[in-house]
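The values are calculated or read from the model by the stated rules, or taken from the named source; none is laboratory data. This one's a predicted model, so the numbers in the text were calculated from it and none came from an experiment. With ideal geometry, Cβ positions are generated from the backbone for all residues, glycine too; neighbour counts draw on all protein chains shown. The accessibility values were calculated without ligands, DNA or RNA, using every heavy atom of the protein model including side chains. Shrake-Rupley method; radii C 1.70, N 1.55, O 1.52, S 1.80 Å.
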Number of protein chains: 2
Amino acid sequence: MPTDAPSPTRVRASDELREVALQQFATVGFAASSLQHIADHAGYSKSSVLYHYASKEALLEAAIGPAIDRLETLLREFVDGGRGQAARAVFIERFVDFLLGNRLAVHTFVNQGQSLRGLPVIERANTAIRGLADSICDEHATIAEQMRFGVALAGATYTLVAGATFLDDDDARPIADDDVRDALITVLSELLLTADGLPD
Amino acid sequence: MPTDAPSPTRVRASDELREVALQQFATVGFAASSLQHIADHAGYSKSSVLYHYASKEALLEAAIGPAIDRLETLLREFVDGGRGQAARAVFIERFVDFLLGNRLAVHTFVNQGQSLRGLPVIERANTAIRGLADSICDEHATIAEQMRFGVALAGATYTLVAGATFLDDDDARPIADDDVRDALITVLSELLLTADGLPD
DNA sequence: GCAGAAGCTGACCGATCGGTCAATTACCGT
DNA sequence: ACGGTAATTGACCGATCGGTCAGCTTCTGC
C-alpha cells in the first residue's frame with residue numbers, strides 16, 4: 001500500500017502534539033505550559049516533543065502561526081478593498097468566521113501578546129493586530145469613533161475568547177455556533193455600519 | 001516624633017514592592033514574573049519580598065485584591081439598583097471609572113483569569129465577573145442581546161487594557177484620560193441604553 | 001546604653017524548567 | 001534477511017523557580 005491514505009485512527013504524532021500544546025497554551029498560558037505536561041497529556045515523552053519541534057517556541061509557532069497567517073490575509077483583503085459600508089460588511093463577516101474558527105489560537109496570542117513579547121511569532125501577531133487597528137481607524141477620526149472600533153473588535157474577540165474562561169467549566173450551555181455567529185455579526189454591524197462619522 | 005507623618009520621600013517598602021509586582025504581573029504575566037525579577041526591579045532582595053509577603057500568591061492578592069473589592073461593590077450596587085435606563089447609565093459611568101482607575105489590576109485578572117485558576121484571589125475575580133455577566137443579562141434575553149452586553153463590557157475592558165499592549169511601546173500618543181472616559185461612556189451608552197429589547 | 005523588635009540579606013534547599021545526547025526500537029524499501 | 005531512516009525514550013545538564021532559615025543591621029522605647 002502506498003504512503004497516502006493513512007489509517008484514520010492513526011493521527012500524526014506531530015499534529016497530536018501541536019493540538020495538545022495549543023490547548024495548553026490557551027488554557028494555562030505559554031509560560032505555565034511545560035513540555036513535560038504537554039508530553040504527558042499527549043501520551044508521549046518530553047524528548048519526543050523536542051524531536052518533532054526544535055523548541056518550545058517552535059511549538060508555539062506551529063500552534064498559532066496558521067491563524068496569524070489567516071489574520072494577515074484578512075487584513076490585506078480589507079485594506080485593498082476600501083472602507084465603504086459594503087467592504088466593511090464583508091470584513092465583519094469574515095472576521096467573525098475567523099474568530100469562530102480559531103478560538104484557541106486567538107485566545108493565545110490575544111491574551112498573551114503582551115507577556116510573550118520578543119518571540120517572533122508573537123511579534124507577527126501583534127503587528128497584524130496593530131495593523132488592523134490602524135487600517136480600520138484612518139487618520140482623521142474622533143476619539144469616540146476610534147473607541148467604537150476598538151470596543152467592537154476587542155469586544156467580539158474577547159467575548160468569544162473569554163467564553164472559554166467563564167462559560168466552559170460550569171454547566172454546559174452550548175449555544176450553537178451559528179447562532180453566536182449571527183448575533184455577533186448583528187452587533188458588530190450596528191456598531192460599525194451605522195456610525196455617524198462614516199466616510200460617506 | 002510619633003510614628004505617623006512619614007517622610008514623603010520615604011515610601012513603605014511593602015507598597016513599593018506591591019506596585020512593582022503589579023506592574024510585572026500585568027506586563028509579563030504572573031507565571032513569568034519571578035520573585036527575583038520583582039526584587040531586582042524594586043531594588044530589594046528576593047528574601048525581602050518574602051519577608052513582606054508570605055508567598056508569591058500573597059503578593060498577587062495584595063496587588064489585585066483591592067480592585068476586585070471595588071468591582072464587587074460596583075456589582076452589588078448595580079444589582080440593588082435595578083436595571084432601568086437610569087441605573088444603567090450610572091453603572092456605565094462607574095464601570096468606566098473603575099477601569100480607568102485600575103488598569104493594571106484589571107489587565108492582570110482579566111487576561112490571566114483563565115490561566116491562574118485555582119488561586120483564591122483569582123477565583124474571587126472570576127466569580128465577580130461571572131456575576132456581572134449574569135446580573136446584566138437577565139434570564140430572558142436574546143442571544144443578540146447577550147452579545148451586545150458581552151461586546152460592550154468586554155470591549156471596553158479590553159480596549160483600555162490592551163492599550164498597554166499595542167500603544168505603550170511605540171511613540172507616545174497620550175490621549176487624555178478624560179477624553180477616553182467620555183468617548184467610552186458614549187459608546188457604551190449607545191450599546192446598552194438604546195437597545196431594542198430593553199425591559200421598558 | 002541596652003534589649004528587642006523590625007527590616008533586610010545571602011546561603012541554601014528540593015523541584016522543575018527547557019534542552020542535549022546517546023541508545024534503543026519500529027518501520028520500510030530492496 | 002538486511003541496512004538505513006524515522007521515531008521514541010531515559011539519563012543527564014545547567015539554570016532558575018518559590019520558599020526556608022540563620023544571621024546581620026537599623027531603628028525604637030525605656
Collect the residues in the range B:145-167 that are under 20 Å from B:Asp178 (Cα atoms), more than 7 Å from every other protein chain (Cβ to nearest Cβ) and modelled with pLDDT of 80 or more, keeping them in residue-number order.
B:Leu153, B:Thr157, B:Leu160
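Pick from B:Asp40, B:Asp69: which is open to solvent by 40 Å² or more (accessible area, probe 1.4 Å) and more than 16 Å from DNA strand D (Cβ to nearest atom)? Steps first, please.
On the way: B:Asp40 fails: more than 16 Å from DNA strand D (Cβ to nearest atom).
It is B:Asp69.
Would a scan of the range A:49-62 turn up a residue that is touching a Phe, Trp or Tyr at 6+ places or on another chain (Cβ under 7 Å), in a loop (DSSP other than H, G, I, E, B) and in contact (Cβ under 8 Å) with a residue 24 or more places away in the chain?
Filtering the range A:49-62 down to residues touching a Phe, Trp or Tyr at 6+ places or on another chain (Cβ under 7 Å) leaves A:59-60, A:62.
Next, only the ones that are in a loop (DSSP other than H, G, I, E, B) stay: none.
Within the range A:49-62, none of the residues are touching a Phe, Trp or Tyr at 6+ places or on another chain (Cβ under 7 Å), in a loop (DSSP other than H, G, I, E, B) and in contact (Cβ under 8 Å) with a residue 24 or more places away in the chain.
For A:Gly81, indicate whether it is away from DNA strand C (no atom under 16 Å from the Cβ), closer than 30 Å to A:Val187 by Cβ, more than 14 Å from chain B (Cβ to nearest Cβ) and open to solvent by 40 Å² or more (accessible area, probe 1.4 Å).
On the way: away from DNA strand C (no atom under 16 Å from the Cβ): yes; closer than 30 Å to A:Val187 by Cβ: yes; more than 14 Å from chain B (Cβ to nearest Cβ): yes; open to solvent by 40 Å² or more (accessible area, probe 1.4 Å): yes.
When the stated conditions are applied, A:Gly81 passes them.
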Which one of the conditions (1) within 11 Å of the chain's Cα centre (by Cα); (2) modelled with pLDDT of 90 or more does A:Ile129 fail to meet, given that it meets all the rest?
(2)
How many residues does the range B:108-130 hold that are open to solvent by less than 20 Å² (accessible area, probe 1.4 Å) and more than 10 Å from chain A (Cβ to nearest Cβ)?
6
Just checking, does the range A:95-118 include any residue being among the charged types (D, E, K, R), closer than 24 Å to A:Leu193 by Cβ, modelled with pLDDT under 90 and not in a loop (DSSP other than H, G, I, E, B)?
no
Expected single match for more than 16 Å from DNA strand C (Cβ to nearest atom) and under 25 Å from A:Gln24 (Cα atoms) among B:Phe109, B:Phe98 is B:Phe109
Reported set for the range B:16-28 where residues are of a type in the set (Gly, Ala, Ser) and at pLDDT below 95 is B:Ala26
Is it the case that some residue within the range B:52-61 is of a type in the set (Phe, Trp, Tyr), open to solvent by 80 Å² or more (accessible area, probe 1.4 Å) and within 14 Å of DNA strand D (Cβ to nearest atom)?
no
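Filter the range A:39-48 for residues that are part of a helix (DSSP H, G or I) and more than 8 Å from DNA strand C (Cβ to nearest atom); which is farthest from A:Ala21 (Cα to Cα)?
Of the range A:39-48, the ones part of a helix (DSSP H, G or I) are A:39-42, A:46-48.
From what's left, more than 8 Å from DNA strand C (Cβ to nearest atom): A:39-42, A:48.
Numbers: A:Ala39: 9, A:Asp40: 11, A:His41: 9, A:Ala42: 9, A:Ser48: 13 Å.
So, considering only residues that are part of a helix (DSSP H, G or I) and more than 8 Å from DNA strand C (Cβ to nearest atom), the one farthest from A:Ala21 (Cα to Cα) is A:Ser48.
Quick check, is B:Asp69 away from DNA strand C (no atom under 15 Å from the Cβ) and either in a helix (DSSP H, G or I) or basic (Lys, Arg) (or both)?
Working: away from DNA strand C (no atom under 15 Å from the Cβ): yes; either in a helix (DSSP H, G or I) or basic (Lys, Arg) (or both): yes.
Yes; evaluated as a whole, the condition is true for this residue.
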List pairs: first residue in the range B:103-114 and closer than 11 Å to B:Ala63 by Cα, second residue among the hydrophobic types (A, V, I, L, M, F, W, C) and at pLDDT below 90 anywhere in the structure, Cβ distance under 7 angstrom, at least six positions apart or on different chains.
B:Val106/B:Val161
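Quick one: which of B:Ala13, B:Ala31 is within 14 Å of chain A (Cβ to nearest Cβ), within 11 Å of DNA strand C (Cβ to nearest atom), open to solvent by less than 90 Å² (accessible area, probe 1.4 Å) and modelled with pLDDT under 95? Talk me through it step by step, then tell me what you get.
Values: B:Ala13 fails: within 14 Å of chain A (Cβ to nearest Cβ).
Going through B:Ala13, B:Ala31 in turn, the sole match is B:Ala31.
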